[in-house]
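The structure under discussion appears below in the form of structure tokens.
The values are calculated or read from the model by the stated rules, or taken from the named source; none is laboratory data. Since this is a predicted model, take the numbers as computed values, not measurements. Ideal geometry is used to build each Cβ from the backbone, glycine not excepted, and the neighbour counts take in all protein chains shown. Ligands, DNA and RNA are excluded from the accessible area calculation, which covers all protein heavy atoms including side chains. Shrake-Rupley method; radii C 1.70, N 1.55, O 1.52, S 1.80 Å.
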Amino acid sequence: MIYRKKIVAGNWKMNKTTGEAKILVEDIIRDIGKFDDVEIVLCPPFTSLEAVSVLLSPVQNIRLGAQNLHEASSGAFTGAFTGEISAGMLKDLYVRYVIIGHSELRQFFHEDDALVNRKTKAALQAELRPIVCIGETLPQRESNQWKKVLETQLRAGLAGFGDKELGDIILAYEPIWAIGTGKTASPEQAEEAHQWIRKVLATHFSQSASERIRIQYGGSVKPENAKELLSKPDIDGALVGGASLDARGFTAIIKNACPA
Ligand code: PGA
């Protein structure tokens, strides 16, 4: 069986001033700064990336991630896209990961799978590791459309990529009905979705690439439910929103993600 190191990322969303971010990161480093059983990623808002980058520079096991990027130009530092941030700008701050296609951007900023695909390509070209989010709405889950929805998102979002690109991508399965709602998918529901994702990937990529890719679960992950979710064989980590804003909660999730 292929070993997949667990990866837990904190998606801070539009939270934390720079001062608050520094306090949170210092607390996290104090608690798990030497913990290397799990890959850890912190995704603060753009405004705190530099401050967090400085704090993480001497730390080996915690990496920096961004929450979004603009699709244009991976290396250039200029472009007529007011308010946007390029992959090159993120690289300049030692960002290693970037969340792409989060359901909140799909929902509120009308990101579609084609844009997710272009952003993923831009990230890969800049050697940033994309965390590509997919997931179904509640009506889609209840009408048993979720498999089709995930398949469409995977097909279109990863169009044009091969095994090599897939190897640098992390997927996050985030059922929209579970995000920020306190309603978590049951470990069985999440595992079933992750198995389905691997099955779809195996038809578009090689079987071994579908077994190697890491798939995070996201949606109301908390210290209390992390252990059970992350003990499922196809769940390789978590993308954590609300609970990542508190050092104690976030580090407890990471400790619960340990293979043990
Ligand atoms: P949540 O958010 O943990 O607050 O549900 C997860 C996410 O949006 O990535």
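Compute the distance from the alpha-carbon center of the range 163-208 to that of the range 211-259, in whole Å. Result: 14 Å between the Cα centres.
I need the calculated FRET efficiency for the pair residue 143 and residue 228, taking r as the beta carbon distance and R₀ as 30 Å, to the nearest 0.05. The pair residue 143/residue 228 has a calculated efficiency of 0.65. Normalising the Debye intensity of the range 47-123 to I(0), with uniform scatterers on Cα atoms only, and taking log10 at q = 0.14, 0.27 Å⁻¹ returns -0.48, -1.29.
Protein heavy-atom accessible surface, 1.4 Å probe, per residue over the chain: 46 Å².
Note on residue 20 and residue 183: their simple-model spin labels are 2.7 nm apart, each label 7 Å out from Cα toward Cβ.
Counting only Cα atoms, the size of the range 101-211 along its three principal axes is 36, 32, 20 Å, in decreasing order.
For the peptides 110-116, 120-126, the ranking by mean Cβ contacts within 10 Å, running from highest to lowest, is 120-126, 110-116.
The convex hull defined by the C-alpha atoms of the range 1-103 has an orientation-averaged projected area of 7.9 nm². Multiplying the residue separation of residue 80 and residue 114 by 0.36 nm and removing their Cα-Cα distance gives an extension gain of 10.1 nm.
Overall shape of the chain was characterised from the C-alpha gyration tensor. The equivalent ellipsoid obtained from it has semi-axes of 25, 23, 17 Å, in decreasing order.
In debye, nearest 20: dipole of the chain around its Cα centre with unit charges on the Cβ of K, R (+) and D, E (-)? Working shown, then result.
On the way: 31 positive and 32 negative charges, 52 e Å.
Here the size comes out at about 260 debye.
Working from label points 7 Å from Cα in the Cα-to-Cβ sense, the residue 92 to residue 246 distance is 3.7 nm. When peptides 214-222, 158-166 are sorted by average Cβ neighbour count within 10 Å, with the highest value leading, the order is 214-222, 158-166. On the protein heavy atoms, probe 1.4 angstrom, tell me the percent of accessible surface of the chain carried by carbon and sulfur. Of all accessible area on the chain, carbon and sulfur atoms account for 53 percent.
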